[in-house]
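The values are calculated or read from the model by the stated rules, or taken from the named source; none is laboratory data. None of these values were measured; they are calculated from a predicted model. Cβ sites come from the backbone with ideal geometry, for glycine too, and all protein chains shown count toward neighbours.
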Amino acid sequence: MDEGEVRRLLSWMRRKNRKIYLVCLFLALGLRVGEAVRLNRFNMDPECRTVTYQVEKTGKIHSRLIPSWMAAELRDWIQDLPLGQPFLFFAEPKNRRFGREHLHVRSINDYFSQARRELGLNHVYKTLHLADGRTQRLYRITPHTLRHFAVESIYEALEYDLKATADTIGHLDPATTQTHYLKNRQFREKEALHVFDRLKI
C-alpha cells in the first residue's frame, strides 16, 4: 500500500464516518486493530500528544507520540464523548451485547470492504483453498495493511534502523519486524542504498 492509496482511503473514511476515520489514523500510526478499538479516553493525552496502550501480543504498556494535527482532532472527539463512556471508539447501542462496549473489529472490516469497492482498490493478492472446499480471498488493502504502511514509513524515517523501528511499534524482537513487515524487496534495496550512501566522501 503506497502513500497515495493511504491518502485516498483516509479521505474516504473521513467523509463516511468520523469514528472509523479516527481508528484508521491509529492504524496508520502502527497500532493493531484490536489495540485501536480498545483505547479509552484515559489512554490519550492530547496536550502532550501521546497515546498509551496495551500491546496485544505481549500485554506490555507502550506509548507513542502522535502528530499535533491528530492530537487536535482527538481533543475535539474526546470532548464530545457521551458522559460516562470510557471507550474512545464505542459501539452504537444497537450493536452492543454487553453494556458500554467498544467498537467491534467487524465494523472496521465492513467499512474497508466498502472502501475497496468504491475506490477501485479491490485487489486480491492470494486465494486460499480451505479444507472444506471453500475459497477465501485475501485482499491487498485491509486494516492491518495500514500497520504495514506505518512500519515501512517508520523504518525509512529512522534511516533503516531495525531495532529503533521495533521499539517504536512495540515489538520485543527486531526479527519479528524484519520477518513480517519488511520483506518487501523495495525496502531491502532502499536499505542497501542508504548504507552505500554513507560511503560517499
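Evaluate segment 97-114: report whether one residue or more is of a type in the set (Asp, Glu), out of contact with any strand residue (DSSP E or B) (no Cβ under 6 Å at 6 or more places or on another chain) and part of a helix (DSSP H, G or I).
Yes, that holds for at least one residue.
Which of the residues belonging to segment 147-191 are at pLDDT below 75 and either in a loop (DSSP other than H, G, I, E, B) or in contact with a Phe, Trp or Tyr (Cβ under 9 Å, 6 or more places away or on another chain) (or both)?
If the condition is that a residue be at pLDDT below 75 and either in a loop (DSSP other than H, G, I, E, B) or in contact with a Phe, Trp or Tyr (Cβ under 9 Å, 6 or more places away or on another chain) (or both), then LYS183, ASN184, PHE187, LYS190, GLU191 are the ones that fit.
Condition test on ILE78, is it under 19 Å from the mean Cα position of the chain (by Cα), at pLDDT 90 or above, assigned by TED's automatic domain parsing to the domain that holds VAL33 and under 22 Å from ARG32 (Cα atoms)?
Spelling it out, it is not the case that ILE78 is under 19 Å from the mean Cα position of the chain (by Cα), at pLDDT 90 or above, assigned by TED's automatic domain parsing to the domain that holds VAL33 and under 22 Å from ARG32 (Cα atoms).
If a residue must be in a strand (DSSP E or B) and aromatic (Phe, Trp, Tyr), how many such residues does segment 15-64 contain?
Selection size over segment 15-64: 1.
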